[in-house]
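The structure under discussion appears below in the form of structure tokens.
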Amino acid sequence: MKSKPIEELRAGFRGEIIEPGDQSYDSARRVYNAMIDKRPRWIARCSDVADIIDAVRFAAGKDVPVSVRGGGHNGAGLGMCDDGLAIDLSLLKDRRVDPKARTVRVGGGCVWGEVDHAAHAFGMATPSGFISTTGVGGLTLGGGIGYLTRKHGLTIDNLIEADVVLADGRLVTASREENPDLFWALRGGGGNFGIVTSFLFRLHAVDTVFGGPTLWPIEQSPEVLKAYQQFITEAPEDVGGFFAFLVVPPAPAFPTELHGRKMCGVVWCYTGPMEKAESALRPMRQIGKPAFEHVGPVPFPALQSTFDPLYPPGLQWYWKSDFYNVLGDDAIGLLAEHATRIPTGLSTVHLYPVNGAVHRVPKDETAFTFRNSLLSGVIVGVDPDPASRAKITDWTRTSWEALHPFSAGGAYVNFLMDEGQERIRSTYGENYDRLAAIKKKYDPANFFRVNQNIHPAA
Ligand SMILES: Cc1cc2nc3c(=O)[nH]c(=O)nc-3n(C[C@H](O)[C@H](O)[C@H](O)COP(=O)(O)OP(=O)(O)OC[C@H]3O[C@@H](n4cnc5c(N)ncnc54)[C@H](O)[C@@H]3O)c2cc1C
């Protein structure tokens with residue numbers, strides 16, 4: 001494909017081309033993680049699919065990096081690039097719910113709060129994550145682990161089709177029927193295969209859920225975590241809820257005597273009949289002596305956005321992750337010990353359950369490799385102050401290194417930082433070669449390489 005000059009791109013573009021020196025340049029290149037400071041040569045903020053195709057054609061043959069910004073939430077900042085073209089999808093905000101078909105069609109630049117809002121009007125939702133500000137694009141293409149995962153599967157398990165602009169500028173649809181190899185790869189393979197301009201998701205009846213946190217003193221964490229693993233393995237699939245080590249924030253929802261205290265807890269999301277919620281969660285709430293509880297009926301979008309104010313954009317983030325099968329006493333002991341050294345008020349450790357409906361999807365159905373594990377763990381160093389960078393990174397790395405030998409061998413791709421090819425290979429395990437072959441078919445020159453990159457097969 002012949003490369004377009006910038007004047008030609010500008011002439012037909014309906015969105016905005018932003019360059020260094022433009023007033024909006026710094027805000028346009030900013031991403032969620034304030035540790036990231038990338039400076040693209042051009043930011044093409046596309047208004048529609050035609051703009052995206054033009055932007056791809058513009059970059060073709062230029063041999064510059066091309067990044068794709070969905071929600072801009074990626075920890076490693078993969079939505080932006082240095083000295084290349086950042087294709088920004090943030091104007092692609094369409095949401096169309098079809099209540100009869102129980103589906104929602106979503107523009108490639110939406111964030112999950114926008115989708116939750118649209119679907120909640122019909123008493124429905126599709127599985128996403130645990131915070132509403134994350135982009136639909138990146139979260140979905142990596143897999144999607146959230147409150148509804150045990151009941152309704154990963155986000156990719158609810159993807160019906162996607163429209164994709166390929167590296168050669170063609171727009172294709174990927175589904176079980178059309179381009180099934182591409183559809184397989186998109187479900188876990190990240191942004192390697194093209195730019196998804198719209199996603200079609202299946203919706204479920206999820207309206208008011210029974211949710212909120214139960215917290216225990218951190219000294220009880222070995223007993224609580226051991227019980228949690230057992231409970232979440234056997235609980236009905238209506239029970240969702242992740243385990244956390246955390247520092248209680250100084251928020252009015254918590255008693256002042258708990259503010260700043262390190263604790264462990266579970267944040268619940270029960271989607272079954274309200275009258276059965278108490279009894280469904282009771283076995284876990286009877287473990288040890290909970291110090292605080294704030295659990296009750298809550299609209300699903302409100303639960304999804306509970307953590308939004310605590311974690312606004314612009315904080316320093318560093319995280320490391322792994323999947324785990326069952327953690328034994330040694331691993332639990334180590335984790336509990338490292339959690340007592342959580343370095344800042346916003347740093348945390350989360351263990352997300354990935355069983356239930358996820359385990360019922362055949363392993364070779366999608367590119368998401370670790371669907372048979374029990375937990376997706378992430379050790380998260382966060383602080384507003386750039387001076388804390390070394391402190392949060394060191395604690396995260398040290399804790400991860402201690403736990404890694406007890407892992408299932410790979411991480412969730414969406415929780416990787418810039419960790420090199422070996423980690424990407426271990427994330428995809430036995431699926432890597434199949435992904436590399438599909439990459440060769442759809443993007444042989446590795447045009448889309450600002451991502452957790454799968455190299456085209458030789
Ligand atoms: C605070 C926070 C909470 C999180 N919580 C969860 C969670 O609960 N569950 C979970 O599963 N993950 C979670 N994540 C991880 C999240 O899934 C990833 O960071 C994901 O990459 C974010 O997607 P994005 O579109 O916002 O990212 P961006 O930074 O915009 O992009 C990330 C990558 O995705 C690609 N991409 C994005 N959109 C498209 C598109 N439309 N077409 C093609 N490629 C695209 C980009 O090329 C890039 O490689 C969380 C992240 C943060 C920072």
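No value in this document is a laboratory result; all are computed from the given coordinates. Everything numeric here is computed off the predicted structure, so don't read it as measured data. Backbone-built Cβ (ideal geometry, glycine too); neighbour counts: all protein chains shown.
See the values below:
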read-out: Too-long pairs where the Cα-Cα distance tops 28 Å, listed order kept, from Lys151/Lys320; Lys320/Lys441; Lys38/Lys62; Lys62/Lys440; Lys151/Lys441; Lys276/Lys363; value: Lys320/Lys441; Lys151/Lys441; Lys276/Lys363
read-out: Spin-label model distance (nm) - Asp83 vs Arg170, 7 Å beyond Cα toward Cβ; value: 3.3 nm
read-out: Protection proxy ranking, peptides 198-209, 13-24, average beta carbon neighbours within 10 Å, highest first; value: 198-209, 13-24
read-out: Potential extension, Ala205-Asp181 segment - 0.36 nm per residue separation minus Cα distance; value: 5.6 nm
read-out: Net charge of Cβ neighbours under 10 Å - reference Arg434; Lys, Arg +1; Asp, Glu -1; value: -3
read-out: Ranked by how many other beta carbons lie within 10 Å on average, peptides 366-374, 34-42, 184-192 from highest; value: 184-192, 366-374, 34-42
read-out: Stretch gain in nm, segment Glu234-Ala387, where the contour uses 0.36 nm per residue and the Cα spacing is subtracted; value: 50.7 nm
read-out: Loop-located trypsin sites (Lys or Arg not before Pro) in region 240-344, at most 16 other Cβ atoms within 10 Å (DSSP); value: Arg261, Arg341
read-out: Pair Asp48, Thr256: separation of 7 Å Cα→Cβ label points (nm); value: 5.7 nm
read-out: Charge context of Ser407, other residues only, Cβ under 12 angstrom, K/R +1, D/E -1; value: 0
read-out: Centre separation in Å (Cα based) which lies between region 215-233 and region 177-211; value: 33 Å
read-out: Shape of region 245-328, Cα gyration tensor, a/c cut at 1.5; value: rounded
read-out: Shape category assigned to region 277-424 from the gyration tensor of Cα positions, a/c cut at 1.5; value: rounded
read-out: DSSP-defined beta bridges in the chain - what % are antiparallel, rounded to 5; value: 90 percent
read-out: Simple label model, 7 Å out from Cα along Cβ direction - Arg10 to Asn372, nm; value: 5.7 nm
read-out: Coil-residue GluC sites (Glu not before Pro) of region 83-189, DSSP, other Cβ within 10 Å capped at 12; value: Glu177, Glu178
read-out: Shape category assigned to region 28-131 from the gyration tensor of Cα positions, a/c cut at 1.5; value: oblate
